[in-house]
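What follows is a single structure, written as structure tokens, with notes after it.
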Amino acid sequence: MAAEAYLWFKSLHIIGVIVWFAGLFYLVRLFIYHEESKNMDNELKIAFNKQYTLMEKRLANIITTPGMILALSMAICMVIMQPSWLSEKWLQIKISFVLGLVIYHSYCYKIMYSLQNGTSTISAKNLRLLNELPTLLLFIIVLLVIFKNNFPTSVATWSVVGLIIFILASIQLYAKIRKKNENSLSNE
């Protein structure tokens, strides 16, 4: 029975992590669109502000936060079943990254409220950069879980890290090119 319970906790933990990350990825993307809508004509700006506010609240409160709660509560259940894991270095490091993710999650709420109130000072460019942080955290956390105390430091590992950085940089470059093209079209 205990082995089956552990597998349920683990399964629900993984589902919670997937839901949590999906919500975080999309939430900050909505923030970017919300911030960019400030440059629209007043009537459109008001309509988009209402729509993005609704979408952000629903995503944060119905998907993202419940995903976080599920992931964290199931992780706690697994640790209760295997308390010796708390002495494992990989789990201690993972917990620190997860705490960073919880702080990121909380910061997203702060951004969401500032966008809704019209007091946001963060630019769309900085939001794009912020949107990449959960990807890096996810990468590190997954490697810690898979490799545990044998965290890979080989050339292959650093090649994957380089590839991820390249992908993130490409996304940023694409955003700049897209913005430049939009500006040149609007100036014609």
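The values are calculated or read from the model by the stated rules, or taken from the named source; none is laboratory data. Quick caveat: nothing in here was measured; it's all calculated off a predicted structure. Heads up, the Cβs are rebuilt from the backbone with ideal geometry, glycines too, and the neighbour counts pull from every protein chain shown. For the accessible areas, the whole protein counts, side chains as well, though only heavy atoms, and no ligand, DNA or RNA atoms are used. Shrake-Rupley method; radii C 1.70, N 1.55, O 1.52, S 1.80 Å.
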Exercise. If we keep just the residues of region 104-132 that are in a helix (DSSP H, G or I) and of a type in the set (A, V, I, L, M), which is modelled with the lowest pLDDT?
Worked result: Leu129
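Ile93: open to solvent by 90 Å² or more (accessible area, probe 1.4 Å) and at negative phi, yes or no? Before you say what the answer is, go through the steps one by one.
Working: open to solvent by 90 Å² or more (accessible area, probe 1.4 Å): no; at negative phi: yes.
So Ile93 fails the test.
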Exercise. Going through region 4-27 one residue at a time, which ones are open to solvent by 70 Å² or more (accessible area, probe 1.4 Å) and either farther than 19 Å from Gln172 by Cβ or over 16 Å from the mean Cα position of the chain (by Cα) (or both)?
Worked result: Glu4, Leu7, Trp8, Lys10, Ile14, Ile15, Ile18
Problem set entry | Odd one out for Glu36 among (1) at pLDDT 95 or above; (2) under 26 Å from Leu168 (Cα atoms) | (1)
Exercise. Do we find that Leu30 is surrounded by 14 or more Cβ atoms within 10 Å (Cβ to Cβ), among the aliphatic types (A, V, I, L, M) and without any contact (Cβ under 8 Å) to a residue 40 or more places away in the chain in this structure?
Worked result: yes
For this session: Please state which of the following conditions Trp85 fails to meet, knowing it meets all the rest: (1) more than 26 Å from Arg128 (Cα to Cα); (2) at pLDDT below 95; (3) open to solvent by 70 Å² or more (accessible area, probe 1.4 Å).
Result: (3)
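Give me the residue from region 133-181 that is of a type in the set (Ser, Thr, Tyr) and in a helix (DSSP H, G or I) and, out of that set, nearest to Met68 (Cα to Cα).
Of region 133-181, the ones of a type in the set (Ser, Thr, Tyr) are 135, 153-154, 157, 159, 170, 174.
Narrowing the set further to residues that are in a helix (DSSP H, G or I) leaves 135, 157, 159, 170, 174.
Details: Thr135: 16, Thr157: 28, Ser159: 30, Ser170: 29, Tyr174: 30 Å.
The residue in question is Thr135.
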For this session: For region 36-74, enumerate the residues that are open to solvent by less than 30 Å² (accessible area, probe 1.4 Å) and either charged (D, E, K, R) or touching a residue at least 60 places away in the same chain (Cβ under 8 Å) (or both).
Result: Thr53, Glu56, Met74
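Considering region 136-168 alone, what residues qualify as being touching a residue at least 40 places away in the same chain (Cβ under 8 Å) and either within 20 Å of Ala22 (Cβ to Cβ) or open to solvent by 70 Å² or more (accessible area, probe 1.4 Å) (or both)?
To start, the set of residues in region 136-168 that are touching a residue at least 40 places away in the same chain (Cβ under 8 Å) comprises 137-138, 140-141, 144-145, 147-149, 151.
Residues satisfying the conditions are Leu137, Leu138, Ile140, Ile141, Val145, Phe147, Lys148, Asn149, Phe151.
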